[in-house]
Every structure is written in C-alpha cells, then in structure tokens.
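Data first, discussion second: the structure below is written as structure tokens.
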Amino acid sequence: MHFNPQIEQLVQKAIQDTNQGKFEDALRGLDQVRKADPQYAAQQPQIQFAAGLCLSAIGRIEAALAAFRATVELQPKNIIARLELAKLHRRTGNDPSAYVQLSKALELDPSNQRAMSQMIEHAMDQGDYEAAQRMIDPAVALVAAGASHDVAVVLLLSRLARMVGREEEAFGLLERFAASDDHNPGVRFSLKRELARCADRLGRYDEAMKHLSSAHAELPTVFDADRHSARVDQMIGIWNEDTISALPRSEQVEGAPRPVFVIGVPGSGTTLVERIIGVHPNAIACGELPGLHRIAARLDPQTDGARPMPLDPSLLTGELMQNATTSYMQMVGRVLALLGSGLQPNVVTDKNSYNAFYLPMIASMFPGSKIVHVTRDPKDACLSHHMNLFGFDHPQSSDLYNLGRFARDHMRSMQHWRSMASSLGVEFHEVSYETLVANQEEQSRQLIEFAGLEWDDVCLEFYTARPAARTGCLDEIRRAIHTGSVGRHTNYAAYLGPLEAGLEGASRPAS
C-alpha cells in the first residue's frame with residue numbers, strides 16, 4: 001500500500017477498472033501512478049500485472065509482455081502471470097518461450113488445470129498430437145463419466161479430434177455441453193462452432209448447417225453489403241492509370257527484409273501459400289499484419305465501421321508514404337523479435353486478405369513489390385470462411401449472402417489491380433488452390449522463384465515447425481497437401497442459394 005492515499009486510490013481504481021474491462025481507463029490511472037512515483041509502480045507486481053492485462057486486451061503485445069515479465073520477476077511463483085505470459089508467447093508464435101513459462105507453472109502446481117490446458121494447446125501447436133492425447137485423456141475420462149463439467153476440456157478435445165480421428169467422441173460431449181443453459185454467449189458460440197465442424201467432418205452436413213446458423217446467432221455481426229460495394233466502386237473509379245502513375249515512391253529501408261504480400265479471398269488458401277514460402281530457411285511467415293489497415297484507417301477515418309480504403313490520392317504524399325514504409329518495417333522487426341531472437345530473413349510474408357483494398361499504398365510504399373494472388377473456387381472459399389466463424393473481425397462471414405457479395409467485391413478489386421499492374425509497378429503471381437494441391441512441387445517451385453528465393457526441398461514440408469506468426473488455420477496446415485477440400489461446397493448445395501446470389505451480384509433471395 002502506498003503511503004500517499006491519493007496514489008493508493010488511483011491504484012485500486014485502476015485494478016477495479018481492469019476487472020470490469022475498462023482497459024483504457026485503467027491504463028490512464030496506472031500512467032498517473034507511474035508519473036507520481038515511478039519507482040513504486042515498477043516494484044509493485046499488482047500494478048505490473050494489471051498493466052499487462054490491459055495492454056494485452058488492447059493489442060499492445062510488446063508492452064504487455066514486458067509488464068508480465070516484470071510481474072514474474074517480482075513474484076516468481078505467480079502462476080497466473082506466467083500463464084498470461086505463455087498465452088502471449090503462443091499468440092505471437094514464440095513457442096519455445098511459451099513452453100518455458102508453462103513448464104514452470106506446472107512445476108509450481110502440477111494440478112493447475114489452466115496450465116495443463118495451455119500445455120495441451122502448446123503440444124497441438126507443435127503438431128505433437130500424441131503428447132496432447134496423453135495429457136488430455138485423464139480429464140476427458142472425468143468429463144465423460146460426469147465427474148467434471150470443464151467445458152475447456154471438451155473444446156480442447158474437439159480441436160484435437162479432427163487430427164486424431166476422435167470426432168464421434170468429441171461430438172457427443174459437445175452436444176451434451178451445448179444443451180446446457182449455464183454458459184455465456186461466448187462459450188455457447190464456441191461449442192456450437194465446434195459442433196458444426198465436427199458434424200462437417202462426420203459427413204452430417206444438415207446438422208453442420210444447423211449448428212453453424214445457431215453459432216452465428218450467438219454473436220451477431222453487422223455488415224452493410226451495399227455500402228461496401230459502393231465504396232469498392234468508388235475506389236476502382238478513383239485509382240485509374242493517371243492517379244496510380246502519380247503515386248510517390250518510397251525509398252526502401254536499408255538492410256530490411258523484402259515483404260511478399262499474399263492476397264486472396266478469405267478461405268482461398270492464403271495460409272497454405274504463405275507457409276510454403278515461410279518454411280524456407282531465408283523467409284519468415286509473419287501472418288496477417290495490421291500495418292496497411294492502420295495506414296488506410298488514417299487516410300479514411302470517417303468510415304463509421306466500414307473497412308477503410310484509400311479514397312483520396314492527394315493524401316498519399318511522399319512524406320506520409322515514406323514514414324509509412326519505415327513504420328511498417330519497424331512493425332515487421334517487432335514481429336520478428338516476438339517470434340524469437342536472431343531472426344534475419346531475406347523475405348517476410350504478409351497474408352492479410354484485406355490488403356486487396358490497399359494496393360496503391362503497397363505500390364507507393366514498396367515499389368516493385370511482389371504480390372501473390374491466391375484463387376480458389378469462390379463457393380469453396382466462402383464456405384470455408386463461413387465455417388471458421390471468425391466473428392467480429394470478419395463481419396461479412398456470418399451471412400452467406402453478405403459473404404458472397406464481399407467475395408465478389410474482393411475479386412473485382414483484384415481484377416482491377418491486375419489490369420493496372422504496369423502503372424502500379426508491382427509484380428503479380430497467380431496461384432490456383434486447386435492446381436497447387438494437385439501439383440504441389442511444380443507450383444511450389446514457381447512460388448519460391450517468384451519470391452526471389454533459391455529452391456529448398458523443405459518447402460514441400462510446409463507443415464513442419466518453423467518460426468511463424470500464429471494463424472487460426474494452424475491445425476489444417478499441419479497436414480500434408482490433400483485434395484479433400486476441393487469441391488467441398490457440393491455437400492451444402494441445398495443451402496447455398498444466398499451465397500450464389502451474392503457472388504453474382506443479384507438481390508438477396510427471399511427466405
């Protein structure tokens with residue numbers, strides 16, 4: 001407790017705000033404490049821990065990591081702080097550091113269920129599904145016998161089941177837990193999402209769609225398809241040969257890796273393509289980097305929830321774009337530092353699908369940059385995206401008609417940029433998902449050559465462990481290439497009328 005009651009009041013209020021989810025308010029209070037007595041703030045584990053929670057919640061990962069490290073240094077036996085630290089390491093792809101913290105937490109308390117759950121997830125992240133089964137089976141036995149009601153165990157089993165053939169077992173437990181009214185909407189969403197995925201893998205397609213609809217209803221999102229299409233029309237009309245040719249061109253950051261942008265409709269296979277490049281010894285897969293979105297949001301601030309787009313060429317000044325280039329590469333450097341020490345790749349990848357709307361910025365920031373455009377049967381891609389249930393980050397995905405409209409606009413955008421490739425001053429390389437899975441080596445060699453790298457046979461083993469940013473498709477890319485997802489939409493033909501209408505740009509069909 002601080003000797004100054006005003007400072008102590010600030011501390012307690014900040015902790016209260018943290019517990020209530022008022023993270024920005026809590027951080028402002030903690031900042032006041034630091035300014036008033038920096039030494040006290042630095043030496044108090046409760047202050048460092050609260051700061052870590054708030055910083056993590058708002059996406060300031062590096063600062064959150066520092067705060068949790070400080071907490072652990074001050075309180076080496078603080079298991080919760082170690083688990084928060086491990087969670088952030090896993091989130092950023094630094095699996096060795098996550099393992100260190102999880103091992104220490106279990107050493108301090110071998111019966112800690114939260115630590116064990118994270119260790120099971122860590123094993124799955126590494127593709128060690130046998131170890132994951134050994135760790136989870138005792139807890140699953142308790143749940144199956146009715147001696148435990150730990151929903152986390154059931155959700156973990158569902159993730160594991162798809163890799164080890166235990167879908168029937170997982171489906172039965174998921175149904176039992178989903179029937180309960182005791183869960184909050186987020187947990188119900190997760191249970192129904194996993195029910196849909198299990199039903200799909202079991203070939204119960206009608207059940208899968210029923211659970212999909214129910215899951216999406218738990219966390220409804222809003223997407224204005226007409227407004228988004230109108231903004232895409234505006235963007236395509238504005239960025240013609242004249243405005244593109246007038247773009248300023250940034251100087252590149254000396255010694256920095258070359259970014260390769262992997263773009264495609266969500267669900268098209270961009271993660272697979274990125275990992276083929278990223279497993280190369282001289283490349284790192286950085287995942288869905290937010291840098292271009294942030295720049296676009298600065299250039300297009302009055303979107304009222306719509307996806308930002310660069311709609312005013314006059315705002316892309318030479319100074320702004322040069323600063324954006326420097327800032328982007330600094331962000332890449334931070335991502336590499338989070339993945340592990342000493343990483344110095346020649347190439348990094350950015351696979352954010354929404355970069356399809358930011359090509360003028362890419363052309364300005366990185367003259368001569370390389371764009372890998374991944375295509376796939378749009379019905380297969382959209383169905384995959386719909387079944388992943390990403391929620392608020394992808395609001396179009398919850399409704400098949402909106403998803404079709406969004407995919408159509410995405411494809412229209414890419415068609416426009418490809419027609420402007422010469423003026424943009426960028427290189428495009430087309431990768432068909434269907435062709436890639438049918439002829440892996442030939443397509444992979446072409447991809448690696450386009451990225452400016454020498455061929456390495458390891459690129460055929462993209463599913464092996466390498467430093468890489470975390471992705472929601474991690475388990476899928478732990479499998480060797482297969483053709484099982486080609487034509488997947490035919491299993492759901494009876495339900496895809498709204499999706500087809502959206503892809504065609506037609507009106508929403510009557511329900």
Practice task
Only residues in the stretch 214-230 that are in contact (Cβ under 8 Å) with a residue 40 or more places away in the chain count as the first member; pair them with residues that are surrounded by fewer than 17 Cβ atoms within 10 Å (Cβ to Cβ) and of a type in the set (D, E, K, R), Cβ under 8 angstrom, at least 6 apart or cross-chain, and list the lot.
Solution key: none
Exercise for the section: Could you tell me whether Met329 is of a type outside the set (D, E, K, R), farther than 30 Å from Val458 by Cβ, in a helix (DSSP H, G or I) and in the same structural domain as Gln396 (by TED's automatic domain parsing)? Expected result: no
Completion exercise
Among (1) surrounded by 21 or more Cβ atoms within 10 Å (Cβ to Cβ); (2) among the hydroxyl-bearing types (Ser, Thr, Tyr); (3) at pLDDT 95 or above, Ser397 falls short only on (3)
Completion exercise
Residues of the stretch 61-111 being modelled with pLDDT of 95 or more, touching a Leu at 6+ places or on another chain (Cβ under 7 Å) and not in a helix (DSSP H, G or I), in sequence order, are Lys77
Problem - Residue among Leu359, Leu338, Leu311 that alone is in contact (Cβ under 8 Å) with a residue 24 or more places away in the chain, touching a Ser or Thr at 6+ places or on another chain (Cβ under 7 Å) and surrounded by 15 or more Cβ atoms within 10 Å (Cβ to Cβ) - result: Leu338
Practice task
Sort out which residues of the stretch 245-271 are more than 14 Å from Thr325 (Cβ to Cβ), surrounded by 21 or more Cβ atoms within 10 Å (Cβ to Cβ) and of a type in the set (A, V, I, L, M), and write them in order of number.
Solution key: Val260, Val262, Ile263, Val265
Practice task
Out of Ser214, Ser229, report the one residue that is within 30 Å of Ala506 (Cα to Cα), at pLDDT 95 or above, among the hydroxyl-bearing types (Ser, Thr, Tyr) and in contact with a helix residue (DSSP H, G or I) (Cβ under 8 Å, 6 or more places away or on another chain).
Solution key: Ser229
Fill in the blank from the handout: Scanning the stretch 150-197 for residues that are among the polar types (S, T, N, Q) and without any contact (Cβ under 8 Å) to a residue 24 or more places away in the chain, the one surrounded by the fewest Cβ atoms within 10 Å (Cβ to Cβ) turns out to be Asn184
Problem - Test: Leu403 is of a type in the set (A, V, I, L, M), over 28 Å from Ile61 (Cα atoms) and buried (at least 24 other Cβ atoms within 10 Å of the Cβ) - result: yes
Problem - Selected residue (criterion: farthest from the chain's Cα centre (by Cα)) from residues of the stretch 257-286 that are assigned to a strand (DSSP E or B) and more than 22 Å from Asn388 (Cα to Cα) - result: Arg258
Problem - Filter pass, Leu292 being surrounded by 15 or more Cβ atoms within 10 Å (Cβ to Cβ), free of Cβ contacts under 8 Å to residues at least 24 places away in the same chain and out of contact with any strand residue (DSSP E or B) (no Cβ under 7 Å at 6 or more places or on another chain) - result: no
Handout entry: Selected residue (criterion: nearest to Asp409 (Cα to Cα)) from residues of the stretch 478-498 that are more than 24 Å from the chain's Cα centre (by Cα) and of a type in the set (A, V, I, L, M)
Key = Leu496
Fill in the blank from the handout: Filtering the stretch 202-224 down to residues that are assigned to a helix (DSSP H, G or I) and touching a Phe, Trp or Tyr at 6+ places or on another chain (Cβ under 7 Å) yields Tyr205, Met209, Ala215, Glu218
Handout entry: Residue within the stretch 7-20 that is surrounded by fewer than 22 Cβ atoms within 10 Å (Cβ to Cβ), free of Cβ contacts under 8 Å to residues at least 60 places away in the same chain and not in a helix (DSSP H, G or I) present
Key = yes
Exercise for the section: Please note which helices (runs of 4 or more DSSP H) are completely contained in the stretch 357-459 and include at least 3 residues that are more than 18 Å from Ser485 (Cβ to Cβ). Expected result: 359-365, 400-419, 421-424, 440-450
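The values are calculated or read from the model by the stated rules, or taken from the named source; none is laboratory data. Everything numeric here is computed off the predicted structure, so don't read it as measured data. So basically every Cβ, Gly included, is an ideal-geometry build from the backbone, and we count neighbours across all protein chains shown.
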